[in-house]
Amino acid sequence: MKRTGTTARAVALTVAALTLATACGGSDGDGGDSAATAKATDREGDRSRSPLESLIIAQRDLKGYTVTARKAEGWASGQPRSDDPKCQALAHSTGDRLSPEVKDNATRGVNRIKDPAKGVTVSLSSFAGDGAERTVDALEKAVRQCGKGFDTTLEGTKVGYRQVRAAETEPLGDQALAYSLTAESQGQRILLNFVAVRSGKTVALFAGVNLKEYAVGYRVPRELVEKQVAKLERARKSSGRTSATPERSGTGGSSGSGSGSAEPDGATSAPKTGSKEPGGGASGSKTGSTAKSRH
């Protein structure tokens, strides 16, 4: 299947959240020197003063993937604004930062070595107080309320999201949510798949894209989500704040139903809503509101 046209890539360039997912993908799906990239990533993480740098996924954590801290050139940067205030949380998830309340963040790009056009941007965001919980709650609410779509503006460029769909995800951390956004412009479609998992005051956000088949999308691999969340949970346990006593209060729910059938790598399970999307958001769980951990 041929890559979609230059219009699709032009739209993708405006989605700041994808900037690291594409760094190793290249315009023609060329992964480049993965070994050199891995070493550069590790060195950059070692130099950083951010405590999140020791918690974000690293090359040594994954086999079959390239992990990089190098940003793709020419990509947009910043926080898009939604034309509909109730969809602003989703607009933020397509930007550099998950929320204006983020106190610290770290970001990596993860691409399949055998198919580098399939990429995921992984970001960790830390919050004060109950900011992490409120951020995931806001995302879940926006997914429910913005199904008909919304428009965003970033650096003077508008992007329309014509489909917003909840997807399935297994209960990880204290809250877990998966959803997909379909960007459209001049008849071109770009399917973006997201997974958000909260572990205490930190939220891990995963944004997947397929640079060869934009409209087909790329579901975030389950193993990537699980390994990243495991690193966060181990850190909580070592600090005496285990996920057995999650900060989230109230009754538990589960993630909304989603789109897309499972890929061979098991990245996502089948949807429980009407029509299927080509690339649903996350691995399987129950339907409803945000999924909670069951430790």
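The values are calculated or read from the model by the stated rules, or taken from the named source; none is laboratory data. Only a predicted model underlies this, so the values are computations on that prediction, with no experimental measurement involved. Quick reminder, even Gly has a Cβ in these numbers, built from the backbone with ideal geometry, and neighbours come from all protein chains shown.
Structure summary
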quantity: In region 127-157, the residues that are of a type in the set (A, V, I, L, M) and assigned to a helix (DSSP H, G or I); calculated: ALA132, VAL136, ALA138, LEU139, ALA142, VAL143
quantity: Matching residues, region 126-158, being crowded, with 22+ Cβ neighbours inside 10 Å and in contact with a helix residue (DSSP H, G or I) (Cβ under 6 Å, 6 or more places away or on another chain); calculated: LEU139, ALA142, CYS146, PHE150, THR152
quantity: Of the criteria (1) surrounded by fewer than 24 Cβ atoms within 10 Å (Cβ to Cβ); (2) under 18 Å from the mean Cα position of the chain (by Cα); (3) at pLDDT 95 or above, which one ASP174 fails; calculated: (1)
quantity: All positions within region 134-152 that are touching a residue at least 60 places away in the same chain (Cβ under 8 Å) and within 28 Å of ALA69 (Cβ to Cβ); calculated: THR135, VAL136, THR152
quantity: Residue satisfying condition, being of a type in the set (Ser, Thr, Tyr) and farther than 30 Å from LEU55 by Cα, within set TYR218, TYR179, TYR161; calculated: TYR161
quantity: Test result for LEU232, buried (at least 17 other Cβ atoms within 10 Å of the Cβ), under 14 Å from the mean Cα position of the chain (by Cα), modelled with pLDDT of 95 or more and in a helix (DSSP H, G or I); calculated: no
quantity: VAL164 out of contact with any Asp or Glu (no Cβ under 6 Å at 6 or more places or on another chain), aliphatic (A, V, I, L, M), on the phi < 0 side of the Ramachandran plot and surrounded by 24 or more Cβ atoms within 10 Å (Cβ to Cβ); calculated: no
quantity: Residue list for region 97-127, filter: of a type in the set (D, E, K, R) and in contact with a strand residue (DSSP E or B) (Cβ under 8 Å, 6 or more places away or on another chain); calculated: ARG97, LYS103, ASP104, ARG108, ARG112, LYS118
quantity: Given (1) surrounded by fewer than 19 Cβ atoms within 10 Å (Cβ to Cβ); (2) of a type in the set (Lys, Arg); (3) modelled with pLDDT of 95 or more, number of the condition LYS114 does not satisfy; calculated: (3)
quantity: Residue within region 143-161 that is modelled with pLDDT of 95 or more and under 12 Å from the mean Cα position of the chain (by Cα) present; calculated: no
